[in-house]
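A short worksheet on the structure shown next.
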Amino acid sequence: MARKLRVLFVASEAVPFAKTGGLADIVGTLPYALKEVGAEVKVLLPYYGVIKQGKAPMTTVAENLEGRLGATGLTFDVLTPASGDAPFYFVERDEFFERSQLYGTPKGDYFDNLERFSFFCSTVLPVCQNLGFQPDVIHCHDWQASLVPVYLRHRWQGAEILNRAKTVLTIHNLAYQGLFPKGKFPLLGLDWSLFSIDGLEYYDQINLLKGGIVCSDAITTVSVGYSKEIQTPEYGYGMEGVLQSRAADLHGILNGVDYQDWSPENDTLIPATFSKSKLAGKAKNKAALMEAYNLDPKLAKAPILAMISRLADQKGFDLLAAVLPELLTQDLMVVILGTGEEKYHRWLAQEAPKYPGKLGVKIAFDNALAHLIEAGADMFLMPSRYEPCGLNQMYSLKYGTIPVVRATGGLADTVEQADPATGTGTGFLFSDYTPEAFAKALQAALKAFKNQKQWRGLIENAMSQDFSWERSASAYLNLYKLLVEGER
């Protein structure tokens, strides 16, 4: 193909603008990696209040374009960062996006999320027309963007600017599907015939993600392991049958890591840089981490076990709650950073005062502190019930912070079981989702930590791993080309 492939990303969050989870990391970094391998990418996002309140100056590129909510036309503006050639474009309509959070508060989702994101999806056509951007591929992410393939097939057939576009839907987390009451179906602007078992109907509700799965030309997930798991009843969240029917079009492509942001050798957010051959800086970061969490200086030689996570059942916090009292009887420290479900906010607020100097908790999103944790901790815990890809275990490997993870999804794809006796492996895994299995893996890691020569070898193995975006971007570009050339 003589010219560059044109790709439009449609997503609900991206770093550095708005983030609740790993989706934002991927949408904020993959476009740059795709550019490096020869694609032209633009990214369409909502213009949230949190972005508006940020420091990035914006330029308005279009005003009074018209999207739709059902049969009603609603105007919106389009903005882009004022600085340089950033590929991001933002849909501004304050009644939908000028809010304190992206999807809801700790008490629950916003009541009008169907309206917010169906309107957002409807803006794809007018934005492309206004920018004169004719995409070869529209790459949609999660349920918030899943109506785009549906609209392309059932509403926009006559739109010349989209007549060559193929669609890719990436499922970052199948547990979140965009379920809404049947009575809201007219707001989607679709014929009632699509509220069916072969369309968007799911147990008499609207399922937006299902619509995307049914209508996309290709579906991807964020690891090979997860692409297989979601076709089973255990991990399929009711979608396993639909996904099995699309198995030939379902691809697992492991997420990458932006090592410009996440590398201990050039990290500007940590007190001391370090490398696998010069590890002295890691000890300095550990000291700074202990100070940040007010941990007991007498435990300076004991290991720090860390979690940076959404505080949710999926992330294994029920397992952590079960093992924590026994764990903290040992000479070690635990630090936790994250926000999420109210019940875990309350639990951690109750637990932290019981273990002064040993358990540090920050209920927040703090990027600088996240970097310090990765750089200063000894072990990183991810006892996830399921994990589509996971990024923190890959960050941890690069920072020599040994992962202790459940063998599921992307965790199993990226962490190799350590055998200190032979000097192989990069972390510690467990399979059964039980406190006993988690505790056993923790004790194996703690035992290995006591042999500093073996532990140093494990750190060197971990820091030698390479999960850069180039490999992932090449896999996506290959898939795009197969779609455009009609081979998929």
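Restricting attention to the range 338-376, the residues being within 28 Å of residue 262 (Cα to Cα), of a type in the set (Lys, Arg) and over 22 Å from the mean Cα position of the chain (by Cα) number 1. Of the candidates 205, 157, 177, the single residue that is surrounded by 20 or more Cβ atoms within 10 Å (Cβ to Cβ) and of a type in the set (S, T, N, Q) is 177.
Taking every residue in the range 251-266 that is in contact (Cβ under 8 Å) with a residue 40 or more places away in the chain and pairing it with any residue that is assigned to a strand (DSSP E or B), at least 6 positions away or on another chain, the pairs with Cβ-Cβ distances below 6 Å are 251/220; 253/220; 256/468; 259/468. Contact map, the range 146-175: residues that are charged (D, E, K, R) paired with residues that are assigned to a helix (DSSP H, G or I), Cβ distance under 7 Å, separation 6+ or inter-chain. Pairs shown: 153/215; 166/483; 166/484.
Selection of the range 243-268 for residues being more than 21 Å from the chain's Cα centre (by Cα) and surrounded by fewer than 20 Cβ atoms within 10 Å (Cβ to Cβ) yields 244, 245, 246, 247, 248, 249, 265, 266, 268.
If only residues of the range 308-360 that are basic (Lys, Arg) and not in a helix (DSSP H, G or I) are counted, the one that is surrounded by the fewest Cβ atoms within 10 Å (Cβ to Cβ) is 310. From 206, 138, grab the single residue that is in contact with a helix residue (DSSP H, G or I) (Cβ under 7 Å, 6 or more places away or on another chain), closer than 16 Å to residue 12 by Cα and either of a type in the set (Val, Ile, Thr) or outside the structural domain of residue 22 (by TED's automatic domain parsing) (or both). Selected residue: 138, the only one of 206, 138 that is in contact with a helix residue (DSSP H, G or I) (Cβ under 7 Å, 6 or more places away or on another chain), closer than 16 Å to residue 12 by Cα and either of a type in the set (Val, Ile, Thr) or outside the structural domain of residue 22 (by TED's automatic domain parsing) (or both). Listed by first and then second residue, the pairs with beta-carbon distance under 8 Å, at least 6 apart or on different chains, first residue in the range 470-482 and more than 11 Å from residue 5 (Cα to Cα), second surrounded by fewer than 15 Cβ atoms within 10 Å (Cβ to Cβ) and modelled with pLDDT under 95, are 470/36; 473/36. Scanning the range 1-36 for residues that are within 22 Å of the chain's Cα centre (by Cα) and assigned to a loop (DSSP other than H, G, I, E, B) gives 11, 12, 13, 15, 16, 17, 19, 20, 21.
Scanning the range 431-447 for residues that are over 28 Å from the mean Cα position of the chain (by Cα) and either closer than 18 Å to residue 459 by Cβ or in contact (Cβ under 8 Å) with a residue 24 or more places away in the chain (or both) yields 444, 446, 447. The C-beta contact set for the range 28-45 (first residue of a type in the set (Asp, Glu), second residue assigned to a strand (DSSP E or B), distance under 8 angstrom, 6+ apart or interchain) comprises 40/5; 40/6; 40/7. Scanning the range 208-232 for residues that are farther than 23 Å from residue 151 by Cβ and crowded, with 21+ Cβ neighbours inside 10 Å turns up 222, 223, 225, 226, 227, 229, 230. Scanning the range 419-472 for residues that are under 17 Å from residue 282 (Cβ atoms), touching a helix residue (DSSP H, G or I) at 6+ places or on another chain (Cβ under 7 Å) and not small (Gly, Ala, Ser) yields 426, 449, 454, 455, 458, 463, 465. Pairs meeting the criteria (first residue in the range 284-296 and of a type in the set (Gly, Ala, Ser), second residue not in a helix (DSSP H, G or I), beta carbons under 9 Å, at least 6 apart or on different chains) are 287/271; 287/300; 288/270; 288/271; 288/272; 292/335; 292/360; 292/362.
The condition (being surrounded by fewer than 17 Cβ atoms within 10 Å (Cβ to Cβ), of a type in the set (D, E, K, R), in contact (Cβ under 8 Å) with a residue 40 or more places away in the chain and closer than 30 Å to residue 187 by Cα) is satisfied by just one residue among 13, 66: 66. When the range 277-307 is filtered for residues that are over 21 Å from residue 439 (Cα atoms) and either within 26 Å of the chain's Cα centre (by Cα) or surrounded by 17 or more Cβ atoms within 10 Å (Cβ to Cβ) (or both), the ones remaining, listed by number, are 281, 282, 285, 286, 289, 290, 292, 293, 295. Evaluation of residue 60 against the conditions (1) in contact with a helix residue (DSSP H, G or I) (Cβ under 7 Å, 6 or more places away or on another chain); (2) surrounded by fewer than 22 Cβ atoms within 10 Å (Cβ to Cβ); (3) modelled with pLDDT of 95 or more shows that the sole unmet condition is (1). Restricting attention to the range 134-179, the residues that are aliphatic (A, V, I, L, M) and over 14 Å from residue 124 (Cα atoms) total 6.
The values are calculated or read from the model by the stated rules, or taken from the named source; none is laboratory data. What you see is a predicted model, and the numbers here were worked out from it, not measured in a lab. Neighbour counts are summed over all protein chains in view; Cβ atoms, including those assigned to glycine, are modelled from backbone coordinates with ideal geometry.
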